Amino acid sequence: MGGGTRTRWDDDGRVCTQCFTYKTWTHFDQRKPKGKDPEKYAHYQPACKMCRDAKYRLDRDEEWHERRRVQQARYHRERRDRESEVYRDRFMRTKYGISLDDYNRMLEELDGVCYACRRPCSSGRNLCIDHDHSCCGEQKKSCGRCIRTLLCMNCNQALGKTQDDVETLRRLIKLLEEGSPHGFLKRPRESREGTEEVPYQ
């Protein structure tokens, strides 16, 4: 055991220089030893963990923590934005064979809206890249030459459900324009101009 009351230490522990309480070495943080001092106490902090934590909390007031939170939030937001651009470019090159600049060019030519419905995507997501599925067969990737345009999620899914069949789409358009092809579903209904036959609803 060496030193006086405030600097006492032995093989099992030492006296904390802040609370002046004898504690075992497990209550002290280790530090990098300096020089070739063989004494064990030189490898540990002179203050115990509890006193060091209390001093740290006093030194870091609420204002400091608030500034730190703002700085960290801004840093992670900017980093996420930078990595997002890089990731999207790599993703589009891998799956669709076009770059992010190509995508932004198409988006600018469409004024930022869907080619079909002329509205932005209702889900708030980016517009989908539409391509001819018959070009690249069963592959999940596009060669880039079969890219057609940008569609919102609803229009892209509607086109995919019909499997790009032109005749199916024509019949659907005819159904919307002419109404039901079943005559027995038509019922007379009063209108402002008189009685007319309209599809039963």
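The values are calculated or read from the model by the stated rules, or taken from the named source; none is laboratory data. Everything numeric here is computed off the predicted structure, so don't read it as measured data. Every residue, glycine as well, gets a Cβ built from its backbone with ideal geometry; the counts of neighbours run over all protein chains shown.
Consider Tyr115 carefully, then state whether it is touching a Ser or Thr at 6+ places or on another chain (Cβ under 6 Å) and within 24 Å of His133 (Cβ to Cβ). Spell out the reasoning first.
Details: touching a Ser or Thr at 6+ places or on another chain (Cβ under 6 Å): yes; within 24 Å of His133 (Cβ to Cβ): yes.
Criteria met by Tyr115.
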Residue match in segment 130-140 (condition: of a type outside the set (A, V, I, L, M), at pLDDT 90 or above, within 23 Å of the chain's Cα centre (by Cα) and surrounded by 15 or more Cβ atoms within 10 Å (Cβ to Cβ)): no
Residues of segment 102-137 satisfying the condition of being in contact with a helix residue (DSSP H, G or I) (Cβ under 8 Å, 6 or more places away or on another chain) and farther than 21 Å from Gly160 by Cα: Asp102
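Name the single residue, out of those in segment 148-171 being within 25 Å of the chain's Cα centre (by Cα) and in a helix (DSSP H, G or I), that is surrounded by the fewest Cβ atoms within 10 Å (Cβ to Cβ). Steps first, please.
The first filter runs over segment 148-171 and keeps only residues within 25 Å of the chain's Cα centre (by Cα), leaving 149-157.
From what's left, in a helix (DSSP H, G or I): 153-157.
Working: Met153: 16, Asn154: 16, Cys155: 20, Asn156: 19, Gln157: 11.
Looking at the filtered set, the residue picked out is Gln157.
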